[in-house]
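Visitor: Here's a structure for you.
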Amino acid sequence: MTLEVNQIKEYLAQPRVIGLFSHRNPDGDALGSTLAMQHLLVQMGHTVKVMVPSEYPQNFEWMPEVDKILVWDLDSEDIKAYTNTMDFAIYLDFNSLDRIDKMGEYISNKTIKTWTIDHHIDPIIISDWIYSVPEASSTSELVWDIIIQFGWHKYLNTQIANCLLTGIITDTGNFAYSVTPDLLNKVAEILKLNVNYEFVQNAIHNTMPEKQLRLLGHCLINRMEIFPQFQAGLIYLDKEDYKNFEIKRGDTEGIVNYLLKLKNIKIAAFITEQPTITKISLRSKGDVNVEVICKEYFKGGGHKNASGGALYLPLHIVVKILKEALTKYNNI
Ligand code: 5GP
Ligand code: MN
């Protein structure tokens, strides 16, 4: 996909008021790519705000300037006020405006310049410029590529490096998938920017509150089902679990991946019953494509090996639909 370097550079030659947007339940890549872009554009003299629909998990609280992010669920009035003054919106790490909920409807009414930078399959956002690279490990990797291709090396600093590294670490499952020699070369360059690698690793992976580890224990002992016939496993949490364990956003992060530790499991499902919606996360090993399952059965999408979706149906029905999907995709 082409990068309209000259056009975008020309547009950014004068100070702009820029909004950087990323998806609901922002992960390390959503935060890393938007915050890195903010650190970059601020140095060039632009006014910049990062805006996301919902809160971020506590293991990203250390990220530089993450506390300045506007969250629609908490600060919708501030977001409305800022977007009224905005002349450029950059959409990072999502491929469809419904991934930013109400903010999407709200911004699409405005006549502003827009740029999509993303690594999800089939972007359906209408924007002036689109840089979509589904083969990329992460949107953070794409932000790195942009910095290099635009010749913006002089703006690189430790803050940008920490943000990009976080996105790459989280979207590759800590360098388990989407890893190429090219990516590792970029990571080597990122590490040269005075990054404390051990600090970043510990901050992302080893800062869990006790109740979260106990919740994981509950999931593995009481809420795990294995379907050997489909080489699949399921972990689910119902509304009662949410009450009993006082589960907050982010507490369930990463639980789905434990199923993939099993030798004969190729598909992992994690289903959570929330107040009005039942959410599903699917993960897979190797060539098994869970994106098609999420699209067909759960009004969602994502990537080949990591996708999600949600239905306005009770937990037991969503489990039934999952089994139907597994039956179909097992026969292909
Ligand atoms: P998670 O299971 O962690 O919520 O999401 C895994 C991946 O699937 C992420 O890359 C996310 O962007 C994508 N994803 C999750 N939920 C949805 C959804 O409802 N719609 C779409 N299009 N993608 C989703
Ligand atoms: Mn991503």
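The values are calculated or read from the model by the stated rules, or taken from the named source; none is laboratory data. None of the values given here were measured: they were computed from a predicted structure. Don't worry about glycine lacking a Cβ; one is built from the backbone with ideal geometry, like all the others, and counts go over all protein chains shown. Only protein heavy atoms, including side chains, enter the accessible area calculation; ligands, DNA and RNA are left aside. Shrake-Rupley method; radii C 1.70, N 1.55, O 1.52, S 1.80 Å.
Visitor: Read through the list (1) over 20 Å from the mean Cα position of the chain (by Cα); (2) closer than 20 Å to Val318 by Cα, then give the number of the only condition that Ser284 fails.
Guide: Unmet condition: (1).
Rundown of residues vs (1) among the hydroxyl-bearing types (Ser, Thr, Tyr); (2) at pLDDT below 95; (3) away from ligand 2 (no atom under 16 Å from the Cβ), yes/no style:
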{"residue": "Leu40", "(1), (2), (3)": "no, no, yes"}
{"residue": "Gln43", "(1), (2), (3)": "no, no, yes"}
{"residue": "Ser76", "(1), (2), (3)": "yes, no, yes"}
{"residue": "Phe94", "(1), (2), (3)": "no, no, no"}
{"residue": "Asp101", "(1), (2), (3)": "no, yes, yes"}
{"residue": "Lys110", "(1), (2), (3)": "no, yes, yes"}
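Visitor: Now for a different question. Within the range 111-121, take every residue that is touching a strand residue (DSSP E or B) at 6+ places or on another chain (Cβ under 8 Å) and open to solvent by 20 Å² or more (accessible area, probe 1.4 Å) and give me the one that is nearest to ligand 1 (Cβ to nearest atom). It would help to see each step written out before you state the result.
Guide: If we filter the range 111-121 for residues that are touching a strand residue (DSSP E or B) at 6+ places or on another chain (Cβ under 8 Å), which is where we start, we get 112-121.
Now drop any that are not open to solvent by 20 Å² or more (accessible area, probe 1.4 Å), which leaves 112-113, 120-121.
Numbers: Ile112: 23, Lys113: 24, His120: 6, Ile121: 9 Å.
My answer is His120.
Visitor: Only residues that are without any contact (Cβ under 8 Å) to a residue 60 or more places away in the chain and closer than 27 Å to Ile169 by Cβ: list them for the range 92-118, please.
Guide: The answer is Thr116, Asp118.
Visitor: List every residue pair whose Cβ atoms lie under 6 Å apart, where the two residues are 6 or more positions apart in sequence or sit on different chains, the first residue falls within the range 15-27 and is without any contact (Cβ under 8 Å) to a residue 24 or more places away in the chain, and the second residue, located anywhere, is polar (S, T, N, Q) and within 10 Å of ligand 1 (Cβ to nearest atom).
Guide: As it stands, the answer is none, since no pair meets every condition given.
Visitor: Moving to a separate point now. Filter the range 122-150 down to residues that are within 14 Å of ligand 1 (Cβ to nearest atom), β-branched (Val, Ile, Thr) and touching a His at 6+ places or on another chain (Cβ under 9 Å), then give me how many there are.
Guide: Within the range 122-150, residues that are within 14 Å of ligand 1 (Cβ to nearest atom), β-branched (Val, Ile, Thr) and touching a His at 6+ places or on another chain (Cβ under 9 Å) number 1.
Visitor: Another question, then. Condition check: within 21 Å of Ile226 (Cβ to Cβ) and either in the same structural domain as His218 (by TED's automatic domain parsing) or in contact with a helix residue (DSSP H, G or I) (Cβ under 9 Å, 6 or more places away or on another chain) (or both). Does Lys299 satisfy that?
Guide: Answer is no for this residue.
Visitor: With touching a strand residue (DSSP E or B) at 6+ places or on another chain (Cβ under 6 Å) and surrounded by 15 or more Cβ atoms within 10 Å (Cβ to Cβ) as the only criterion, which of Phe88, Phe60 stands out?
Guide: Phe88
Visitor: Pick from Ser108, Ser132, Ser137: which is small (Gly, Ala, Ser) and either outside the structural domain of His46 (by TED's automatic domain parsing) or in contact with a Phe, Trp or Tyr (Cβ under 9 Å, 6 or more places away or on another chain) (or both)? It would help to see each step written out before you state the result.
Guide: Values: Ser108 fails: either outside the structural domain of His46 (by TED's automatic domain parsing) or in contact with a Phe, Trp or Tyr (Cβ under 9 Å, 6 or more places away or on another chain) (or both); Ser132 fails: either outside the structural domain of His46 (by TED's automatic domain parsing) or in contact with a Phe, Trp or Tyr (Cβ under 9 Å, 6 or more places away or on another chain) (or both).
Among Ser108, Ser132, Ser137, only Ser137 is small (Gly, Ala, Ser) and either outside the structural domain of His46 (by TED's automatic domain parsing) or in contact with a Phe, Trp or Tyr (Cβ under 9 Å, 6 or more places away or on another chain) (or both).
Visitor: I've got another one for you. Can you tell me which condition Gly302 does not meet? The list is (1) at positive phi; (2) away from ligand 1 (no atom under 12 Å from the Cβ), and all the others hold.
Guide: (2)
Visitor: A follow-up question, please. Check Ser140 against each of (1) in contact with an Asp or Glu (Cβ under 6 Å, 6 or more places away or on another chain); (2) more than 30 Å from Asn202 (Cβ to Cβ) and name the one condition it does not meet.
Guide: (2)
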